[in-house]
Amino acid sequence: MNVTVLSGGVGGARFLRGLLGVVDAADVTIVGNVADDLQVLGLHVSPDLDSILYTLTGRSDDERGWGRADESWRALETVGELGGDDWFRLGDRDLGLHLVRTELLRAGVPLHEATLRLARALGLDARLLPATDDPVRTFLETPAGTFPFQTWFVARGHRDEVDAVHYAGAPDAAPAPGVLEAIAAAAVILVAPSNPYVSIQPILAVPGIRDALEHRAVPCVAVSPLVGGRAVKGPADRMLRRLAGGTTPAHVASCYEGIVDALVFDRADASAELPRGVRPVVTETLMTDVGAARRLAAATLDAAGAPA
Ligand code: FO1
């Protein structure tokens, strides 16, 4: 059974780890967000793709929430000593991956091919595709100004309220080879518990992807990233409050109108009426460990009528 999953970084990666515990990795295609990619010290960093790569191959630092386990920071210390840019922290092991990816990209290898090569080298059995090979970048409009995603998220600690979100480059972008094919070949489409505004909508903003989901012939189920109206980590709840008017499942579902048939959300969330065409599915969504992530993935597949 082919499963295609739209996913951001940390929360999405944890959900995917659960999914690979209940379905064959060879049947899973992941379409990852690349709109928070950036250049750091001349290197191309794809934080969401890397969170997925590291988590699914047992290399992630689950406590920190990003980057690699068993990391050291000697190169970054030297960067700091030399007065270089060290606000976006790249660990020594992580740097190795960015060096290889950047060299591939500079040699003209497109991002999807570079990602497939890295995934193969790290032993990932599922297929990981960037939503696009083209430079789509998230910008946040805030009362303090408009910022590129990582400036707002990391350098400013996402303290600024967000008035609007833009996906620069999206109108001219094309889905990466394999993305539309994976949506067309899926028996089930899932939207991981990721931030709708900065993880999922930048994928949908790539021309052709939203359209493919709107015209899907198979069930599509999203998982809410909120528990009891609050983000487990990050700014999703504050963004939903300001941009959608609240943090109930109905507000989350409003971000996915027309593309999902059901929304999976936590028992702690009030089961208010969802937008027309979106069925509520209530379960435990807090992924406290791999077992909990597996149960959530199984419940999500069940909601899509495709039990694991
Ligand atoms: N997040 C931080 O809060 N501070 C960092 O210095 C930082 C560095 C970093 C390096 C590589 C990487 O793959 C991710 C990194 N992240 C860091 C996480 C990242 O900014 C966000 O988690 C995602 O972009 C949001 O999905």
Can you put Val264, Val34 in order of Cβ neighbours within 10 angstrom, beginning with the fewest? Val264, Val34
Dmax and Rg, reported as Rg then Dmax, of the stretch 206-308 (C-alpha, Å): 13.6, 37
Taking the square root of 5λ for each eigenvalue of the C-alpha gyration tensor of the stretch 1-151, the equivalent ellipsoid has semi-axes, largest first and in whole angstrom, of 25, 18, 16
In whole Å, largest first, what are the principal axis extents of the Cα atoms in the stretch 38-97? 35, 22, 17
A correct Stokes-Einstein calculation for the stretch 79-118, using the alpha-carbon Kirkwood radius, 37 °C and 0.692 mPa s, returns a whole-number D in µm² s⁻¹ of 288
Amide H neighbours of Val227 under 5 Å, at least 5 residues apart or on other chains, H built in the peptide plane: list them. Val232
Ascending count of other beta-carbon atoms within 10 Å, so fewest first, for Trp66, Trp73, Trp152, Trp87: Trp87, Trp73, Trp66, Trp152
Note down the net charge around Leu263, summing +1 for each Lys or Arg and -1 for each Asp or Glu among other residues with Cβ under 13 Å from its Cβ. -3
Per 20 Å bin, what percent of the C-alpha pairs of the chain does each bin hold, from zero upward? 35, 60, 5
In degrees from 0 to 90, rounded to the nearest 10, what is the angle of the helix 92-106 Cα long axis to the longest principal axis of the chain? 90
Fewest Cβ neighbours within 10 Å first, please rank Ser7, Ser72, Ser254, Ser51 accordingly. Ser72, Ser254, Ser51, Ser7
I need the Kirkwood Rh of the stretch 97-240: take the reciprocal of the average 1/r across all distinct C-alpha pairs and report it in angstrom. 16.9
Which far-off residues, 5 or more places away or on another chain, put their amide H under 5 Å from the one on His44, with H placed in the peptide plane? Thr102
Helix 290-303: inclination vs the chain longest Cα principal axis, degrees, rounded to 10, gives 50
Cα gyration tensor of the stretch 124-186 diagonalised, 5x eigenvalues square-rooted, in angstrom largest first, produces semi-axes 30, 14, 9
Could you give the angle, 0 to 90 degrees to the nearest 10, between helix 47-56's Cα long axis and the longest principal axis of the Cα atoms of the chain? 70
Rank Gly228, Gly108, Gly246 by mean-square fluctuation in a GNM of the chain with C-alpha springs under 10 angstrom and give only the top-ranked residue. Gly108
The chain: longest segment with zero exposed GluC sites (Glu not before Pro), where exposed means DSSP loop plus at most 11 other C-beta atoms within 10 Å, is residues 64-272
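Bear in mind these aren't lab numbers, they're just calculated from the coordinates by the rules spelled out. Everything quoted here is computed from the prediction, not taken from an experiment. Note that we place each Cβ from the backbone using ideal geometry, even for glycine, and neighbour counts take in every protein chain shown.
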